[in-house]
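All of the numbers you see were taken from the coordinates with simple rules; none came from a lab. Keep in mind that this is a model prediction, so the values were computed, not measured.
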Amino acid sequence: MQSEKNTKTRRKYDADFKTEVLRMLASGQTPAYIANALGISENIIYRWKSVNQVGKKNIQLTGDLTNENQQLKDRVRQLETERDILKSVDSASPIELRRQLKRSLTYF
């Protein structure tokens, strides 16, 4: 006689099913009610909820970092422009500077 193995197979749920469970949870239904209605474990609902919350935080952090990165790039561009202006002023003769100053003042 061969002994039968008691192995449980793990059920897999697609993303649409998980999303629907999370929508039900967000609408105010309790995890216990959802678990009983769908025939799934209450623990798995809590796990999906926590994974979803971590994902939302990561998306928010990524957005914040993207904004900060853009602000820093803008600042670098501004500083490079200022540096180039100062270089051109430093290399210009005093006579050229007076001419440039007179030209710029006539525009105002």
TODO: Pull up the cross-link candidates among the lysines for residue 56, meaning alpha carbon to alpha carbon under 23 Å and not fewer than 8 places away within one chain.
DONE: 12, 18
Open item on the list: Run the reach check for residue 49 against aspartates and glutamates, Cα to Cα strictly under 19 Å, same-chain hits fewer than 8 apart removed. What comes back?
Closed with: 14, 16, 20
